[in-house]
Amino acid sequence: MLFLQLLLNGLQTGAIYALTAAGFALIFGATRIFHFAHGTAFTLAGYAYLFAWRAGWPGWVGALIAVAVATLFGMAMERFVYRPIQRHEGSFFTVFVAAFGVGIVVQNLVGMFAGRGLATVDTRLSFATEVMPEIFVAPILWIAIATAAVLFAALTVFLTRTHAGVALRALAQNPDLIRTYGLSANGISVLAFAIGSALAAPAAIVTAMTSGLNEAIGHHVMLISIAATIVGGIGSLRGAALAGLMLGVAESLALQFVDTQWAEAVSFLALFAFILFRPSGIFGVAMAR
Amino acid sequence: MIAYLSNLATQLAIFGILAATLNFIVGYAGIFSIAHAVFFGLGAYAGAQIALLLVPDVVLACLFAAAIAGGLSLCLALPALRVRGEYFVAASLGLQMVAVTLFAELKPLTGGIGGLVGIPLPTLFGVPVGVLPVALAALALVLLATALLARGAFGRTLTAIRDAESAAEALGKNVAAAKTLAVGFACAGAGVAGALYALHTSFVNVESFTMEYSVLVMAMVIIGGTGTLWGPLIGTVILLSLPAGLAFLPFIPPSEVGAIQQILYGLAMTLLMIFRPAGLVGDLSRGRATA
């Protein structure tokens, strides 16, 4: 029974991981920018929802604000940080350090203005009821899984059936050709950041309602997103989402054998193993690195 | 006042060693590790245990710490051999997170969250000695070794690997050995800094070896300028004197000094990368092309 309970908890965590990882993978796949501030978008979205909730606004308003905050943050990062750096052929490391700096600034600002430590949104949705003997499930579990499923379906349709989506995939393969066709590589790149960052918002809201936020949560989110992207295979959105789901389930199932503080270590052992033995990931194509 | 300045100088020397050794792998070998605090911590625990269980001899503690940290640097060298760039940063981040959990949980070796307390005052061959002169000597040694290694054939091999790994390999350079050695040297240096830190504060716990410290050291190297001899030292002086300077500003509440310091260096990192990617001391034309 414990196994089933942990599996269900794992699916909920996994759905959250899958959404954030897919956002990160979308941005990295399309623009080749290692968006290390993706966890910061998550933090901002989570705290935006928290503030809306504290102000007594209805949930859907808070959700809209959270999505807007994450999206604007992603677009601002592209426009004001990454684009100036790439103009002088910034190396991977330059991009990484710049994003890291932004992450530190936001983390401390959030700590100063929203308070340090755990902050949660209390809602009826996270009250668990006993659905089977010894199995407790809260409505938020189904909401998390359904949200993730709907968003992935929408994302797939967008990437395969719309002009913007096809252009986004084309950017990943050949930026020069994009320009030849008269499309703006910069515009598509902003679009990738907008969508990728928006995907972090629902995950942040669910996290705020369940395990809670803290000002440093961005690091954890970032690490999971990177781990899922690498384990799934760089450039594969499906891989990142699946790997995110698997990491969430693995972390939860591991609790049968170890204490909670080791849950994160499970993800990193998986990441470490993949880096050492299969750097191209599950769905990845072999790449020269 | 003398005690305050002596404490600040010791901290400067210890973090100077950390920044200089991290710069050695980041600036010359292109191995961007965000796990330097792990090896600092390994050295601190190793040095503390030697002092607690055997004798508080500062040289012995440093040597033991260097051996432990250098030996375990294989944890960092292995992924560095397999992958570079983004992948390696991810691996080193993972190592940092797992190591903090290990430090907090392995109570017999590290004292857990409570840490190791009551580390005796350091001696040298039985004579009581301050940490400051030893730390300064160690810093000088590390800088000398960095300068010599960087100028010699080994340094050129490393920069060749940094700039074009396959080209270096094609020229018959043993890439795996060079990377492993460079990581080993840097981590052993961080271990020495850790042992000195343990003897200086006479108390160590996991809070000094978290990702914040890895990032702080990384910020010192970057703000000063990677791949330069003096850049990391200048970065160390700037970042360590920042909290002291902020404490004198009356309008900042003392509880927020830490946060404001972090905001300042975070901003400095981002703005430098946008406008001056080579750092304060770095050579502009060179810093841009490295990857």
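The values are calculated or read from the model by the stated rules, or taken from the named source; none is laboratory data. Owing to the predicted nature of the structure, the values given are computational and were not obtained by experimental measurement. Every residue, glycine as well, gets a Cβ built from its backbone with ideal geometry; the counts of neighbours run over all protein chains shown. Just the protein is used for accessible areas: all its heavy atoms, side chains included, with ligands, DNA and RNA removed. Shrake-Rupley method; radii C 1.70, N 1.55, O 1.52, S 1.80 Å.
Residues of region B:264-280 that lose at least 20 Å² of accessible area (1.4 Å probe, protein heavy atoms only) when the other protein chains are present, relative to their chain alone, are B:GLY266, B:MET269, B:THR270, B:MET273, B:ILE274, B:PRO277.
In order along region A:132-142, the phi-based Karplus estimate (6.51 cos²θ - 1.76 cosθ + 1.60, θ = phi - 60°) of 3J(HN,Hα) comes to 9, x, 6, 10, 10, 10, 9, x, 4, 4, 5 Hz; Gly and Pro are listed as x. Solvent-accessible surface of region A:15-150, taken per residue with a 1.4 Å probe and all protein chains present: 41 Å².
If you look at the Cα atoms of the protein assembly as shown, you get an Rg and a Dmax of 24.0, 78 Å.
Across all directions, the shadow cast by the convex hull of region B:1-43 built on its C-alpha atoms averages 3.4 square nanometres.
Whole percent per 10 Å bin, from 0 to the bin with the longest distance: what is P(r) over all C-alpha pairs of region A:78-123? Pairs per bin, as whole percents: 23, 36, 23, 15, 3. Computed over the alpha-carbon atoms, region B:76-175 gives an Rg to Rh ratio of 1.12, Rh here being the Kirkwood radius from the mean inverse distance. Computed over protein heavy atoms with a 1.4 Å probe, the carbon and sulfur contribution to the accessible area of region B:142-216 reaches 62%. For B:ASP57, the residues 5 or more places off, or on other chains, whose built amide H falls under 5 Å of its own are B:THR123. Considering only the Cα atoms of region A:66-162, their convex hull presents on average a projected area of 10.6 nm².
Gap in Å between the Cα centre of region B:1-31 and the Cα centre of region B:222-239? If we compute the Cα centre of each part, the gap is 9 Å. As a calculated quantity, the FRET efficiency between A:HIS88 and B:SER6 at R0 = 51 Å, using C-beta atoms, amounts to about 0.75.
Taking θ as phi - 60° and the Karplus parameters 6.51, -1.76 and 1.60, the scalar couplings of region B:212-225 work out to 3, 6, 4, 5, 4, 5, 4, 5, 4, 5, 6, 5, x, x Hz in sequence order, x denoting glycine and proline. Kirkwood Rh over alpha-carbon pairs of region A:2-277, then Stokes-Einstein at 25 °C and 0.890 mPa s: what D in µm² s⁻¹, rounded to an integer? Translational D for this selection: 129 µm²/s. Counting Cβ atoms of other protein chains within 10 Å of each residue's Cβ and taking the mean over peptide A:275-281 gives 3. Within the listed set A:GLY101, A:GLY235, A:GLY14, the residue fluctuating most in the Gaussian network model of chain A (springs between alpha-carbon atoms under 10 angstrom) is A:GLY101.
Per atom type, region A:162-289 shows carbon and sulfur on 65% of its accessible surface, probed at 1.4 Å.
Rounded to whole numbers, the Karplus 3J(HN,Hα) couplings from phi for region B:87-100 are 4, 5, 4, 4, 5, 5, 4, x, 4, 4, 5, 5, 5, 4 Hz, using 6.51 cos²θ - 1.76 cosθ + 1.60 with θ = phi - 60°, and x at Gly and Pro. Of all beta bridges that DSSP places with both ends in the protein assembly as shown, some 90 percent have antiparallel geometry.
Could you calculate the FRET efficiency of A:PHE113 with A:LEU64 from 1/(1 + (r/R0)^6), where r is the beta carbon distance between them and R0 is 22 Å, rounded to 0.05? Taking R0 as 22 Å, the efficiency between A:PHE113 and A:LEU64 is 0.55.
Counts of other chain beta carbons within 10 angstrom of each beta carbon in peptide B:82-89 average 6. Once the partner protein chains are put back, region A:222-267 shows a loss of at least 40 square angstrom of accessible area, versus the chain by itself, at A:LEU223, A:GLN261, A:TRP262 (probe 1.4 Å, ligands and nucleic acids excluded). Buried accessible surface for the A/B pair, both sides summed and rounded to the nearest 100, is 4000 Å² with a 1.4 Å probe.
Pairwise Cα distances in region B:2-209 exceed 27 Å for 31 percent of all pairs. What chain B shows is 39 Å² of accessible area per residue, with the surface traced by a 1.4 Å probe over protein heavy atoms.
Highest GNM mean-square fluctuation among B:SER208, B:SER33, B:SER241, for chain B modelled with Cα contacts below 10 Å: B:SER241. Residues whose amide H lies under 5 Å from that of B:GLY130, counting only those 5 or more places away or on a different chain, are absent; hydrogens are built 1.01 Å from N in the peptide plane.
Entry note, the protein assembly as shown: the mean residue ellipticity at 222 nm calculated from DSSP H runs of n ≥ 4, each adding -39500 (n - 2.57), is -23500 deg cm²/dmol after division by the residues and rounding to the nearest 500.
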